[in-house]
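One structure below.
The values are calculated or read from the model by the stated rules, or taken from the named source; none is laboratory data. All values derive from a computational prediction rather than experimental measurement. Please note: Cβ atoms are built from the backbone with ideal geometry, for glycine as well, and neighbour counts cover all protein chains shown.
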């Protein structure tokens, strides 16, 4: 990072522009490489007027045989109910004392971008992991397992069947806590079932959390899984059950981006401040209200 003084920064109009141009692409790319939930979540660009946005819901759109006797065919109303998404601001403010910049032996732009990206990945994964409670509580109950009872291959099959019954689009994702993944690796049936899909014992857990594929279930590992009277792992329909909506934002008369960044010099504190903002929301993409997401199962252990 360039060395700053009050005079230099206050009079160099371009300083606040070129730093975001360098850092933002690195933050976005590095976050994507480290996130578990985001690649398997349905993303919506909600840029535009308004604060509340809707995802239309429908029952199964079933085809049938058309007769030529003049009878009207059966119709399925598509926009029969909606799921709402309301983006809210989230922030990260980074303060760098000038003495750090003056004495550092590393590239501070790279370091800030890397750490901010890891923080963003952790933050968004945490927001999505809390959606385990979005599952139905009855007819059928999408809560499976028992606190302190270890997961195994039969857990996967029983949970998978719940999603089959609800006609959830395949493939399915199962995001488990590292402790739960250790539980699964005690079960030889689980290990052997995943050999053809992805041999976890030779590949290990990937950077985005992917561990193995068992039948039509992709198994991921994420430490953000919520612990509340047990560990709440989640099996759900990939890119269909969970949603992440965001707005492109920016300063007036500036290009809008998914992450807005401002850089300024604070003379009284002798610091450079890098302020980052996103305008986003994580929520269920299936069902008309909380606890109606039939394409998601809360699996506890």
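Computed values, structure above
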{"item": "Enumeration of residues in segment 243-264 that are part of a strand (DSSP E or B) and touching a strand residue (DSSP E or B) at 6+ places or on another chain (Cβ under 6 Å)", "result": "243, 244, 245, 246, 247, 249, 260, 261, 262, 263, 264"}
{"item": "Test: residue in segment 140-155 that is part of a helix (DSSP H, G or I) and more than 15 Å from residue 218 (Cα to Cα)", "result": "yes"}
{"item": "Residue match in segment 269-279 (condition: more than 28 Å from residue 82 (Cα to Cα), out of contact with any strand residue (DSSP E or B) (no Cβ under 6 Å at 6 or more places or on another chain) and in contact (Cβ under 8 Å) with a residue 40 or more places away in the chain)", "result": "yes"}
{"item": "Failed item, numbered, when residue 239 is tested on (1) at positive phi; (2) in a strand (DSSP E or B)", "result": "(2)"}
{"item": "Residue 232 being closer than 16 Å to residue 127 by Cα and over 15 Å from the mean Cα position of the chain (by Cα)", "result": "yes"}
{"item": "Every residue from segment 27-49 that is over 24 Å from residue 237 (Cβ atoms) and surrounded by 10 or more Cβ atoms within 10 Å (Cβ to Cβ)", "result": "27, 28, 29, 30, 47"}
{"item": "Some residue of segment 25-35 being more than 17 Å from the chain's Cα centre (by Cα) and either modelled with pLDDT of 70 or more or at negative phi (or both)", "result": "yes"}
{"item": "Residues that are under 18 Å from residue 209 (Cβ atoms), assigned to a helix (DSSP H, G or I) and at pLDDT 90 or above, drawn from segment 162-195", "result": "178, 179, 180, 181, 182, 183, 184"}
{"item": "Identity of the residue in segment 178-188, within 16 Å of residue 217 (Cα to Cα) and touching a strand residue (DSSP E or B) at 6+ places or on another chain (Cβ under 8 Å), that ends up surrounded by the most Cβ atoms within 10 Å (Cβ to Cβ)", "result": "184"}
{"item": "Close pairs from segment 113-124: first farther than 11 Å from residue 278 by Cβ, partner part of a helix (DSSP H, G or I) and at pLDDT 90 or above, Cβ under 8 Å, at least 6 apart", "result": "121/38"}
{"item": "Any chance residue 207 is surrounded by fewer than 17 Cβ atoms within 10 Å (Cβ to Cβ) and either within 16 Å of the chain's Cα centre (by Cα) or free of Cβ contacts under 8 Å to residues at least 40 places away in the same chain (or both)", "result": "yes"}
{"item": "Boolean, residue 292 is part of a strand (DSSP E or B) and outside the structural domain of residue 156 (by TED's automatic domain parsing)", "result": "no"}
{"item": "Meets criteria (touching a strand residue (DSSP E or B) at 6+ places or on another chain (Cβ under 8 Å), more than 27 Å from residue 256 (Cα to Cα) and assigned to a helix (DSSP H, G or I)) for residue 131", "result": "yes"}
{"item": "Residue match in segment 143-154 (condition: free of Cβ contacts under 8 Å to residues at least 40 places away in the same chain, more than 17 Å from residue 36 (Cα to Cα) and more than 16 Å from the chain's Cα centre (by Cα))", "result": "yes"}
{"item": "Condition check for residue 69: exposed (fewer than 13 other Cβ atoms within 10 Å of the Cβ) and touching a strand residue (DSSP E or B) at 6+ places or on another chain (Cβ under 8 Å)", "result": "no"}
